[in-house]
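Below is one structure, written out as structure tokens; the observations come after it.
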Amino acid sequence: MDKAERIALFQKWFSDSIPHSKALGLQVIDAGKGFASMRLEWREELVGNPETGVLAGGPLTAMLDGCCGMSVATMLKAPEPFATLDLRIDYVRPAEPGKAVIAEAECYHITRSVAFTRAFAHHGDAKNPIAAAAGTFMLGTKGKVTRGQSIGAETKI
């Protein structure tokens, strides 16, 4: 599977199939073993303060959580359900009005039951973050495996 096909699958399973992600318009930029990247375009309806035009924290939180989850999925040896156990976000500065935000996440350690991630949201320079996140995901939760959670196994990343 080439990169374009892999990105199309991630887009389908992590953005287009999840109603909240689809409503936000999250776009998958890249994904590989232990890594994921998404883009959120600035839109007026996502603004938290109309006087400043700054994006609300909720859409940024949803993007960082989804991107971290996608990085976890790329590390799974076999499909299994997982859920966000903890997500800490430090908002470093406001997003600039009118500019898209990029999230980059890494799943840096995975055990039998827990995956650990870190991520940054920025306008194109990860060294100048808008927000930094640390996420912990519980593996093997009750429920059925979703298409997005099985992507690592299905795409042979």
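Each label was represented as a point 7 Å from its Cα along the Cα-to-Cβ direction; for VAL92 and HIS20 these points are 2.4 nm apart.
Given the range 1-63, report the % of alpha carbon pairs whose separation exceeds 17 Å.
On the way: 861 of 1953 pairs.
More than 17 Å apart: 44 percent of the Cα pairs in the range 1-63.
The stretch between THR111 and THR136 holds 7.9 nm of extra length on full extension. This uses 0.36 nm per residue minus the Cα-Cα distance. 5 Å is the cut-off here: which amide hydrogens, built 1.01 Å from N in the peptide plane, fall below it relative to THR141, excluding neighbours closer than 5 in sequence? Here PHE82, ALA83 satisfy the definition.
In the chain, a dipole from Cβ-located charges (positive for Lys and Arg, negative for Asp and Glu) runs towards its positive end, and of TYR108, ILE130, VAL54 it is TYR108 whose Cα lies farthest in that direction. Rounded to whole numbers, the Karplus 3J(HN,Hα) couplings from phi for the range 24-40 are 6, x, 4, 10, 6, 9, 7, 7, x, 3, x, 9, 8, 9, 9, 10, 10 Hz, using 6.51 cos²θ - 1.76 cosθ + 1.60 with θ = phi - 60°, and x at Gly and Pro. Annotation note: trypsin sites (Lys or Arg not before Pro) in the range 20-88 located in DSSP loop regions with a Cβ neighbour count of at most 14 within 10 Å are LYS33, ARG43, LYS77. Relative to the longest principal axis of the Cα atoms of the chain, helix 57-73 runs at roughly 20 degrees.
Values in this text are rule-based calculations from the coordinates and carry no lab data. Since the structure is predicted, the reported quantities are computational estimates derived from the model, not experimental observations. Note that we place each Cβ from the backbone using ideal geometry, even for glycine, and neighbour counts take in every protein chain shown.
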